[in-house]
Amino acid sequence: MRTEQVQKIKVVVREYEADKDLAGAEAVERSCEVSQNGAVSIFTDLLGDPACRVRHSPAFLMLVAETVGPKKEIVGLIRGCVKTITCGKRSPRPTATAAAAVPIYTKAAYIVGLRVSPFHRRKGVALQLVEQMEEWFRSSGAEYAYMATDKDNEASLRLFTGRCGYAKFRTPSLLVQPVFAGHRLPLGRAVTLVRLSPANAEILYRRRFSTVEFFPRDIDAVLRNPLSLGTFLALPAGSGWTNIHSFLADPPGSWAVLSVWDSQSLFRFEVRGVSLLRRGLAWTTRVVDRAVPWLRIPSFPNIFRPFGGYFLYGLGGEGPSTATLMRVLCRHAHNMARAGGCGIVATEVTACEAFMPGIPYWQRLSIDEDLWCIKRLAEDYSDGAVGDWTRSAPGNSIFVDPREV
């Protein structure tokens, strides 16, 4: 615990205690999402668990900043987690025969959900929260810390890149598709979908994706988590699927894979500040879609009341038809989300992925560049073959852990 003078207020930064801090933490969350000047804003309901966005990670911590005095008040909070991920790969020796590249792992920490009450900003509260969280990161053995923010969030960038020493690192695209109210999306007959068991999915991911940046070493824990709703492999019809081992030994010319994560059970969203006219137009699209579903008219979901979504992770594939196969997988995920009562389906990938054209999304709901920033915490280099990961060039792919969404 640490008490410091923060310009006009004193705060104590300490670990979150659910039994006495829940109401205060939820109040901070609400105050940070109130729209300004009547603008449209997104409200997040964490369903009574402010730590839900990190709770499924191997190690996590939530801190709160509380004012000192007779009327204690929680004015800020931060969440963080630590895990082992891939930061690079070691190529096989030139003399090796059919040897695959080997992943280089590092222990990394992730910051998510930094919040400070609007009435207590610009008083050093956020800086104290970040610095104390980084102390826990270091004590947990983390070599790097990273975070994600909107590239236009100037306050966040000033704090992390200006005062905390983080550097801009990667810019994946966050793609969001609405779930249509009245109709399922057709899958067609030219593609065979195979649902993989968690064990077979783990084999596939470790063999094909373990050298991708941010790949979690405990991928088995991700796949076996009850929130992971399945891993699906798309193959051209007639490929003759038998088992995962024969597939890896002799894959077809094109294939694609993705996994589905149930974010709806962790938190919900609600859009506020939208005019009655736009609400009416959105309602009309849903009515028409339900009335004549065979026309497959895209309808706008009811995002003006609490709604949830599914997150697609572990996307990948190979071959000239990988985008077509990925499109079928995304349609299957959309139909799963519709059956589950979701409002959206989302994923995050790099823009240079070959399967990117196969991911359906609405531009207005998506973010072209979700800015990831990184900082080196350790002085020594355990990842010797990589050197300083913060200075490495971006790869063609990135693995987004659904536990951190």
Filter the range 246-297 for residues that are touching a strand residue (DSSP E or B) at 6+ places or on another chain (Cβ under 9 Å) and among the aliphatic types (A, V, I, L, M); the one that is modelled with the lowest pLDDT is VAL271
Residues in the range 120-133 that are buried (at least 17 other Cβ atoms within 10 Å of the Cβ) and more than 16 Å from TYR16 (Cα to Cα) total 3
Among the residues of the range 337-350, are any out of contact with any helix residue (DSSP H, G or I) (no Cβ under 7 Å at 6 or more places or on another chain), surrounded by fewer than 16 Cβ atoms within 10 Å (Cβ to Cβ), on the phi > 0 side of the Ramachandran plot and at pLDDT below 95? yes
Matching residues, the range 216-275, being open to solvent by 60 Å² or more (accessible area, probe 1.4 Å), more than 16 Å from the chain's Cα centre (by Cα) and under 18 Å from GLY341 (Cα atoms): PRO226
Say we look at the range 161-209 and pick out the residues that are assigned to a loop (DSSP other than H, G, I, E, B) and among the basic types (Lys, Arg); which of these is most open to solvent (accessible area, probe 1.4 Å)? ARG189
Per the list (1) among the small types (Gly, Ala, Ser); (2) closer than 26 Å to ARG79 by Cα; (3) open to solvent by 20 Å² or more (accessible area, probe 1.4 Å), residue check on ALA354 breaks on (2)
Would a scan of the range 226-238 turn up a residue that is at pLDDT 95 or above and either closer than 18 Å to ILE374 by Cβ or assigned to a helix (DSSP H, G or I) (or both)? no
Across (1) at pLDDT 95 or above; (2) part of a strand (DSSP E or B); (3) within 30 Å of PHE307 (Cα to Cα), ARG14 clears everything bar (3)
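The values are calculated or read from the model by the stated rules, or taken from the named source; none is laboratory data. This one's a predicted model, so the numbers in the text were calculated from it and none came from an experiment. Reconstructed Cβ throughout: ideal geometry from the backbone, glycine too, with neighbour counts over all protein chains shown. Surface areas here come from the heavy atoms of the whole protein model, side chains and all, with no ligands, DNA or RNA. Shrake-Rupley method; radii C 1.70, N 1.55, O 1.52, S 1.80 Å.
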